[in-house]
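The values are calculated or read from the model by the stated rules, or taken from the named source; none is laboratory data. Since the model is a prediction, treat every value here as computed from it, not as a measurement. When we count neighbours, we look across all protein chains shown, and the Cβ atoms used for this are built from the backbone with ideal geometry, even at glycine. Note: areas computed on protein heavy atoms with side chains; ligands, DNA, RNA excluded. Shrake-Rupley method; radii C 1.70, N 1.55, O 1.52, S 1.80 Å.
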Amino acid sequence: MFPLYFPGRRSCIGESFSKLMIFTTMTSVLQRFKVKKVKGQSYSIDSAKSLVSTPPDYVLQAEERTLLSE
């Protein structure tokens, strides 16, 4: 569950739509590009400690996939 969506009476009415859009967008990106880590970069899953939890910035390399039929 994303931290933006809380269960209960006042749950977000757009939760299922936004999750579907995130899934569709990420699937489209991963089908079209090879996503790689950049050499020399360090990656961490720790988030910043603040009122709003935000992940650190990441630098990734995206290489467009080629079709096998070409």
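Overview of results
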item: Scope the range 37-53; condition open to solvent by less than 90 Å² (accessible area, probe 1.4 Å) and either part of a strand (DSSP E or B) or modelled with pLDDT of 85 or more (or both); matching residues; result: Val38, Gly40
item: Verdict on Pro56 being touching an Asp or Glu at 6+ places or on another chain (Cβ under 8 Å), of a type outside the set (S, T, N, Q) and modelled with pLDDT under 90; result: yes
